[in-house]
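Here the structure comes first, spelled out in structure tokens, and everything after it is commentary.
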Amino acid sequence: MTAPLRVGVVGVGHLGKHHARIYASLPDVALAGVVDTAPGRAEEIARERQAPAFTDHRALFGKVDAVSVAVPTVGHFAIAKEFLERKIPVLVEKPLAKTIEEAEELVRIARANGTALAVGHVERFNPAVIAARGKIAHPRFIEVHRLSPFRFRSTDIDVVMDLMIHDIDIILHFVPSELKRVDAVGVSLLFGPEDIANARFEFEDGCVANVTASRVSDKQMRKIRMFAPDAYISIDTLEKASRVYRTTPQLAEALARLPKDQELSLGDIASIPREFYSIEEIHLPDEEPLANELRSFVACVREGREPEVPGEHGVRAMRTAERVLREMREHVWR
């Protein structure tokens, strides 16, 4: 029999408590300890999950085979670095670090020590995103809306690093091309960092992505729409739903028979017969994206393989987010 993989969680606030919950439920995994600088918080979560509580992450050294780091972004580098230097695999919540230099250093240490470094871009593990990956290739236009009410957390970072970075990672995952140009605007409404942002990405292959993120909206929305020459896919990561609209050969044949100078009116388009296009409802498993992510991390540690979202992808997303911030702050309105 395989011994349980001993996993710890550093930081058991809003997100870290769910890491602890999921690890405690996974087969062949032992929650070896939870850490929080607030003693009462560490003890509360530890009591719920029947695990030891600590107030210093160093107390986990020698007690864990892997660890999740879910502290505020400013603490990611120092804590993850100490585990990686001891060749303990680490999953770090997004963004990977406070600065690109820190993120690159974590990647360097992980590669030098042959140790897994995963980044918590959890939307990669959303069933809707996973299903879409095999349904559309080479998108030409992408439109994203990620809106959320203010949660009074992550106030140490702006909305780009807080929310938009999820969609930046997804876009870079789907578009097999280098980023050529970024245009962006942002608005700060509450505590200093920008709370609303819009960015337009143009890639070398001609693909364009338009992304809006807000953390001061009155409702939640997480929608992605991708358009390719032969298909349109709608993804709702909040509802974990996906639908594909695809043209058929009959439509191409019908259009080819039209006189070259004939223009289609809106009425013509609305009356296109149903046999000229297909609609596919993608039936998705009722899975929690974070649970998928943590199962994947555990598997990569056990099997000694590359994480689904390695440190380099975290750096890639941060570099793009930094380009958005630079452009945004040249056109800032407060």
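Bear in mind these aren't lab numbers, they're just calculated from the coordinates by the rules spelled out. Just so it is clear, the structure is predicted and the values come from calculations on it, not from any experiment. Ideal geometry is used to build each Cβ from the backbone, glycine not excepted, and the neighbour counts take in all protein chains shown.
Given axes a ≥ b ≥ c from the Cα gyration tensor, I'd like to know whether segment 1-86 is rounded (a/c under 1.5), prolate (a/b larger than b/c) or oblate. Don't skip to the answer; put the middle values down first.
Working: a/c = 1.69, a/b = 1.15, b/c = 1.47.
Because a/c hits 1.5 or more and a/b fails to exceed b/c, segment 1-86 counts as oblate.
Can you list the residues, at least 5 places off or on another chain, whose amide H is less than 5 Å from the amide H of Ser188, using H built in the peptide plane?
The list, which skips near neighbours in sequence, is Asp195, Trp333.
Taking a ≥ b ≥ c as the square roots of the Cα gyration tensor eigenvalues, with a/c under 1.5 meaning rounded and otherwise prolate when a/b beats b/c, else oblate, which class fits segment 67-166?
Values: a/c = 2.30, a/b = 1.40, b/c = 1.64.
In terms of gyration-tensor shape, oblate.
To the nearest 10 degrees, how steeply does helix 76-85 sit against the main Cα axis of the chain, on a 0 to 90 scale?
Once rounded, the angle reads 60 degrees.
Might you report the magnitude of the Cβ-based charge dipole of segment 130-238 about its Cα centre, with Lys and Arg at +1 and Asp and Glu at -1, to the nearest 20 debye?
My answer is approximately 380 debye.
Would you work out which of Ser217, His166, Leu84 lies farthest towards the positive end of the dipole of the chain, given +1 charges on the beta-carbon of Lys and Arg and -1 on that of Asp and Glu, about the Cα centre?
Leu84
Roughly how tilted is helix 39-49, in degrees to the nearest 10 and between 0 and 90, from the longest Cα axis of the chain?
In the chain, helix 39-49 runs at an angle near 70 degrees to the longest axis.
Taking amide H positions as placed 1.01 Å from N in the peptide plane, with prolines and chain starts having none, which residues 5 or more places from Ala30, or on another chain, fall under 5 Å of its amide H?
Placed amide hydrogens put Leu5, Arg6, Val7 under 5 Å from Ala30.
Say the cut-off is 26 Å between C-alpha atoms; which of Lys94/Lys240; Lys94/Lys180; Lys81/Lys223; Lys94/Lys223 go over it? Could the numbers behind the result be given before it?
On the way: Lys94/Lys240 21 Å; Lys94/Lys180 24 Å; Lys81/Lys223 35 Å; Lys94/Lys223 20 Å.
Going by Cα-Cα distance, Lys81/Lys223 fall outside the 26 Å limit.
By how many degrees, 0 to 90 and rounded to 10, does the Cα axis of helix 16-25 deviate from the longest principal axis of the chain?
Rounded to the nearest ten degrees, it is 80.
Could you give the size of the charge dipole of the chain about its Cα centre, using +1 on the Cβ of each K and R and -1 on the Cβ of each D and E, expressed in debye and rounded to the nearest 20?
On the way: 45 positive and 50 negative charges, 108 e Å.
About 520 debye.
Separation of segment 155-200 and segment 203-222 by C-alpha centroid, Å?
Cα centroid to Cα centroid, the span is 8 Å.
Rounded, prolate or oblate: which one fits segment 175-234, using the alpha carbon gyration tensor with axes a ≥ b ≥ c (rounded when a/c is under 1.5, else prolate when a/b beats b/c, else oblate)? Present the calculation step by step, with values, prior to reporting the outcome.
Working: a/c = 4.24, a/b = 1.60, b/c = 2.65.
Judged from the Cα gyration tensor, segment 175-234 comes out oblate (a/c at least 1.5, b/c at or above a/b).
Which of Cys300, Cys207 comes first, and how do the rest follow, when ranked by fewest Cβ neighbours within 10 Å? Spell out each step's value before the answer.
Working: Cys300 19, Cys207 23.
Listing Cys300, Cys207 from fewest to most nearby Cβ atoms yields Cys300, Cys207.
Rank-order 211-220, 102-111 by packing density, defined as the average count of other C-beta atoms within 10 Å over each peptide's residues, highest first. Spell out each step's value before the answer.
Details: 211-220: 17.6, 102-111: 19.8.
Packing order, densest peptide first, comes out as 102-111, 211-220.
Which residue, Thr55, Ala131, Pro285, has the largest displacement toward the positive end of the dipole of the chain when charges sit on each Cβ (Lys, Arg +1; Asp, Glu -1)?
Going by the Cα projections, it comes out as Thr55.
Under 12 Å from the Cβ of Glu239, count the other residues' Cβ atoms, weight Lys and Arg +1, Asp and Glu -1, and hand me the total.
Values: positive: Arg222, Lys223, Lys240, Arg243; negative: Asp236, Asp286.
Around Glu239, the charge tally is +2.
Show that you can apply the helix-only estimate: for the chain, add -39,500 (n - 2.57) for every DSSP H stretch of four or more residues, divide by all residues, and state [θ] at 222 nm to the nearest 500. Walk me through the numbers on the way to the answer.
On the way: 10 runs with 111 residues, N = 334.
So the helix-based figure for the chain works out to -10000 deg cm²/dmol.
For a quick check: sort Glu280, Glu123, Glu194, Glu93 by the number of other beta carbons within 10 angstrom, fewest at the front. Provide the component values of the computation, followed by the final result.
Numbers: Glu280 13, Glu123 24, Glu194 28, Glu93 20.
Arranged by neighbour count, lowest to highest, Glu280, Glu123, Glu194, Glu93 become Glu280, Glu93, Glu123, Glu194.
Taking the radius of gyration and the Kirkwood hydrodynamic radius from Cα positions alone, what is the Rg/Rh ratio for the chain, to two decimal places?
Details: Rg = 22.2 Å, Rh = 21.5 Å.
For the chain, the value is 1.03.
So, with +1 on the Cβ of K and R and -1 on the Cβ of D and E, and no other charges, what is the size of the charge dipole of segment 52-204 about its Cα centre, to the nearest 20 debye?
Values: 19 positive and 22 negative charges, 107 e Å.
Computed about the Cα centre, the dipole is about 520 debye.
May I ask for the net charge around Ala317, where only other residues with Cβ less than 9 Å from the Cβ of Ala317 are counted and Lys, Arg are +1 while Asp, Glu are -1? Each step should come with its number before you reach the end.
Working: positive: Lys94, Arg316, Arg319; negative: Asp169.
Net charge around Ala317: +2.
Test of understanding: what is the full-extension gain from Arg151 to Arg225, defined as 0.36 nm times their sequence separation minus their Cα-Cα distance? Before the final figure, lay out the partial values.
Numbers: separation 74, 0.36 × 74 = 26.64 nm, distance 2.57 nm.
Between Arg151 and Arg225, full extension yields an extra 24.1 nm.
Anyone know which of Ser188, Ser242, Ser278 comes out most mobile in the 10 Å Cα GNM of the chain?
Judging by the Gaussian network model, the answer is Ser278.
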